[in-house]
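*Asks:* Have a look at the structure that comes next, please.
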Amino acid sequence: MKGITHVDFTGFNSSLFNGLQVYDAEDYVIKPKDGNSLFVMTNMVITPKQYQGKCPEDPESYQALCKTDKDCQQETSNKYGHGERTGRCVPSYRNSTLTVCEIHGWCPTEDDRLPMIKSNVSTNIPLLEGTKHATVLIKNQIDFMKFDVATYNIPNTNNRTYMKKCRYNAKTDPLCPIFRLQDIVSSCGDNYTQVAFKGAIYGIIIEWKCNLDYSIEECLPKYRFKRLDNSRSSISKGFNFRYVNYYVEKGKRYRTLTKAFGIKFELLAHGKAGKFNIIPLLTNLGAGIGLLGLATFWCDFIVLNLAKKRNVYRNHICESVGRGMSSNEKSSLDGDTKQNCDEKKTQEENNLLVHAF
């Protein structure tokens, strides 16, 4: 990843995050645990300088509100809270008209709202909107072990400056492995600024379809992009997770809690290769001939026994066979078949035969 953006933290109440701060790829790219994806942080909620202590619970948390100390049973907690209750009912830091249970945990609690409180950014504009101009270089190797060949998606060119200047474009440069993030999102019909506010998941699909009867250099990848998350979901929309950075100041341990919103890119590569071989050709040819013979048998069976005008077809077949028989051969036929074969078809039967076909 390459690209630089900035965030203006003017007015944000923190000595660690204040004024204009520049973010490069090492700051906003977070490597997920799985090896085939890439996460780019595009928005965030920062809770700086948290410490282990006592503080009021977030009033937005489940069962945080109280009227008396009896509503806050000591040493209890719930999975939606931020710590264990101390047994006291205290005024809220964020809304003086409310009283909440006091907790023991990481204080102050996270104020989980977008846009981040006191950040110098307008509503619905992600803090790291500038990541839309960032680029990502994808290196992919595919092995067709059955044919003992391998190839890469990096173009084989003598132009040393090509990789520095090229940008993927489906029409003008479909083989360039360097992609601009905004182009990936736009190719799926989405607006980067809107998507980056709460995050999303996109798939970068690399397709290989190779005819190995030709040179391996003619085996070239094709790139496609697809949005993988549900953009219409009304619950838990987007993509985010939390991470912390710990530090010690004057002998006391603190942490910075960051809720990171962003775009996760899943890399999906698959391929198919083939090469001419005489043995499968002969096998398929023999099977085809056998199926043709079987098809003739079943067609005759259906027409002779199940069709409404099967007698017309039977008479035609028997007459054709009878013309080439001797008198002795005809006499060997059974009575019904002999009668059918000896009868002369009338013009009306000919018309019925044409109609039957």
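The values are calculated or read from the model by the stated rules, or taken from the named source; none is laboratory data. Quick caveat, the model's predicted, so the values are computed rather than measured. Note that we place each Cβ from the backbone using ideal geometry, even for glycine, and neighbour counts take in every protein chain shown. These accessible areas exclude ligands, DNA and RNA; they are computed on the full protein's heavy atoms, side chains included. Shrake-Rupley method; radii C 1.70, N 1.55, O 1.52, S 1.80 Å.
*Asks:* Got a number for the accessible area of Cys299? Probe 1.4 Å, square angstrom, nearest 10.
*Replies:* Cys299 exposes around 80 Å² with every protein chain in place.
*Asks:* Still on this structure: With each pseudo-label sitting 7 Å past Cα toward Cβ, what's the Lys252-Asp111 distance in nm, one decimal?
*Replies:* The answer from the label model is 2.0 nm.
*Asks:* Taking only Cα atoms, what is the 0 to 90° angle, nearest 10, from helix 310-323's long axis to the longest principal axis of the chain?
*Replies:* Compared with the principal axis, the helix lies near 50 degrees.
*Asks:* Oh, and also: Chymotrypsin sites (Phe, Trp or Tyr not before Pro), restricted to segment 237-309: which are DSSP loop and have at most 14 other Cβ atoms within 10 Å? Don't jump to the answer; show the numbers that get you there.
*Replies:* Working: sites: Phe239, Phe241, Tyr243, Tyr246, Tyr247, Tyr254, Phe261, Phe265, Phe276, Phe297, Trp298, Phe301; in loops: Phe239, Phe276.
Passing both the DSSP loop test and the Cβ count: Phe276.
*Asks:* Could I ask something else about it? Mind checking the angle between helix 347-356 and the chain's longest principal axis? C-alpha axes, 0 to 90 degrees, to the nearest 10.
*Replies:* 20
*Asks:* Which entries in Lys2/Lys222; Lys132/Lys164; Lys226/Lys259; Lys222/Lys264; Lys165/Lys222; Lys118/Lys164 show an alpha-carbon gap greater than 29 Å?
*Replies:* Violating the 29 Å Cα-Cα cut-off are Lys118/Lys164.
*Asks:* Read through the labelled values (i) -0.50, -0.65, -1.17, -1.26; (ii) -0.43, -0.60, -1.18, -1.27; (iii) -0.21, -0.37, -1.10, -1.25 and report the label of the one computed as log10 I(q)/I(0) by the Debye sum over Cα atoms at q = 0.06, 0.08, 0.14, 0.15 Å⁻¹ from the structure.
*Replies:* Comparing each candidate, only (i) matches the computed number.
*Asks:* With θ taken as phi - 60° and the coefficients 6.51, -1.76 and 1.60, list the Karplus ³J(HN,Hα) couplings across segment 284-296 in order, rounded to whole Hz; mark glycine and proline as x.
*Replies:* My calculation for segment 284-296 gives 5, 5, x, 5, x, 4, x, 5, 5, x, 5, 5, 4 Hz in order.
*Asks:* Once you place label points 7 Å from the Cα toward the Cβ at Tyr214 and Phe241, how far apart are they in nm?
*Replies:* Here the modelled spin labels are 4.2 nm apart.
*Asks:* Need the full-extension length gain, Asn169 to Ser233, defined as separation in residues times 0.36 nm minus the C-alpha distance. One decimal, nm.
*Replies:* Taking 0.36 nm per residue and subtracting the Cα distance, the gain is 20.0 nm.
*Asks:* Grab the DSSP H runs of the chain that are 4 residues or longer, score each as -39,500 (n - 2.57), total them, divide by all residues and round the 222 nm result to the nearest 500 deg cm²/dmol.
*Replies:* Helix-only estimate at 222 nm: -7000 deg cm²/dmol.
*Asks:* Hey, another quick one. With every protein chain kept in the model, how would you rank Ser233, Ser187 by accessible area, 1.4 Å probe, largest at the top?
*Replies:* Ser187, Ser233
*Asks:* So, one more: Quick check: Cα centre of segment 266-288 to Cα centre of segment 131-205, how many Å?
*Replies:* 29
*Asks:* Turning to a different aspect of this structure: Looking only at segment 47-66, which residues have a backbone nitrogen under 17 Å from a spot 7 Å from the Cα of Thr97 in the C-beta direction?
*Replies:* 59-60, 65-66
*Asks:* For segment 58-106, take the alpha-carbon Rg, divide it by the Kirkwood Rh, and send me Rg/Rh.
*Replies:* 0.91
*Asks:* Please list the non-local residues whose amide H lies under 5 Å from the amide H of Ile125, H modeled 1.01 Å from N, same-chain partners needing a gap of 5 or more.
*Replies:* Those lying under 5 Å, H to H, from Ile125: there are none.
*Asks:* For Thr86, list long-range residues whose amide hydrogen, built 1.01 Å from N in the peptide plane, is under 5 Å from its own amide hydrogen.
*Replies:* Glu75, Glu102, Ile103, His104
*Asks:* Follow-up question, since we're still on this one. Describe numerically, in nm with one decimal, the distance between label points set 7 Å from Cα along Cα→Cβ at Lys272 and at Gln194.
*Replies:* 3.5
*Asks:* Going by accessible area, probe 1.4 Å, with all protein chains left in place, what is the ranking of Glu84, Glu60, largest first?
*Replies:* Details: Glu84 100, Glu60 160 Å².
Sorted by accessible area, descending: Glu60, Glu84.
*Asks:* Using only the heavy atoms of the protein chains and a 1.4 Å probe, how would Ile279, Ile138 rank by accessible area, largest first?
*Replies:* Descending order: Ile279, Ile138.
*Asks:* Also, I was wondering about something else. Residue by residue through segment 182-198, which ³J(HN,Hα) values in whole Hz follow from phi under the Karplus form 6.51 cos²θ - 1.76 cosθ + 1.60 (θ = phi - 60°), with glycine and proline marked x?
*Replies:* 3J(HN,Hα) across segment 182-198, in whole Hz: 5, 5, 5, 5, 5, 5, 9, x, 10, 9, 4, 4, 5, 5, 5, 5, 10.
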